[in-house]
Amino acid sequence: QVQLVESGGGLAQAGGSLRLSCAASGSIGSDNVMGWYRQAPGKQRDFVAFIASGSSTNYADSVKGRFFISRDNAKNTVLLQMNSLKPEDTAVYYCSARVGLLSYWGQGTQVTVSS
C-alpha cells in the first residue's frame with residue numbers, strides 16, 4: 001500500500017504562484033511514476049504533470065512553461081511549482097503514484113485562483 005498526502009494548496013491571485021507538495025509513504029519502491037491531476041467543479045479529472053523516478057517529465061499543454069514538477073527520491077516527495085496562475089487553474093489537485101500496475105491517489109488539495 002502507498003499513502004499520499006498533499007499540502008500547499010490555497011488561494012492565489014491571477015499571475016501569482018503556489019507550490020504543492022506530496023509526501024508518499026508505504027511500499028512506494030524506487031521505480032515509480034508520480035504526478036498531479038486536477039478536477040474542476042463539474043469536470044473530469046485531468047492530467048497535469050508527471051515525473052518518473054529517473055526524472056523524465058511530461059506536462060499537459062495547458063500548463064507547459066508555467067508549472068514545473070520535481071521530486072526528491074530520498075524523501076519520496078514530489079513538488080509542483082505553479083507560476084503565472086490563471087483563474088482556469090482553479091481545481092482540486094490530486095497527487096498520484098503509479099507503482100507497477102497499481103495506481104494510488106491522495107485526498108486532494110484545493111487551489112483557487114482569483115482574477
- prompt: Along each of its three principal axes, how wide is the spread of alpha-carbon positions in segment 1-51, in whole angstrom units, largest first?
  reply: 37, 22, 17
message: Highest mean first, how do 38-45, 49-56, 104-111, 75-82 rank when packing is the count of other Cβ atoms within 10 Å averaged over residues?
response: 75-82, 104-111, 49-56, 38-45
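With a 1.4 Å probe and every protein chain left in place, work out the accessible area per residue of the chain in Å², rounded to a whole number. Spell out each step's value before the answer.
Numbers: 6030 Å² over 115 residues.
For the chain, the solvent-accessible area averages 52 Å² per residue.
Need one number: the % of Cα-Cα pairs in segment 39-82 sitting beyond the 13 Å mark. Don't skip to the answer; put the middle values down first.
Values: 547 of 946 pairs.
Beyond 13 Å sits 58 percent of the P(r) for segment 39-82.
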statement: The orientation-averaged projected area of the Cα convex hull of segment 50-104, in nm², is 4.5 nm²
- prompt: Counting every Cα pair in the chain, what percent are over 25 Å apart?
  reply: 16 percent
- request: Straight distance only, please: which lysines reach the Cα of K86 with their own Cα at less than 18 Å, same-chain residues fewer than 8 apart left out?
  value: K43, K64
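Quick one: of the DSSP bridges fully inside the chain, what percent are antiparallel, nearest 5? Working shown, then result.
Values: 42 of 46 bridges.
Bridges in the chain are about 90 percent antiparallel.
The values are calculated or read from the model by the stated rules, or taken from the named source; none is laboratory data. Keep in mind the model is a prediction, meaning the values are calculated, not measured. Backbone-built Cβ (ideal geometry, glycine too); neighbour counts: all protein chains shown. We work out accessible area using only protein heavy atoms, side chains counted, and drop any ligands, DNA or RNA first. Shrake-Rupley method; radii C 1.70, N 1.55, O 1.52, S 1.80 Å.
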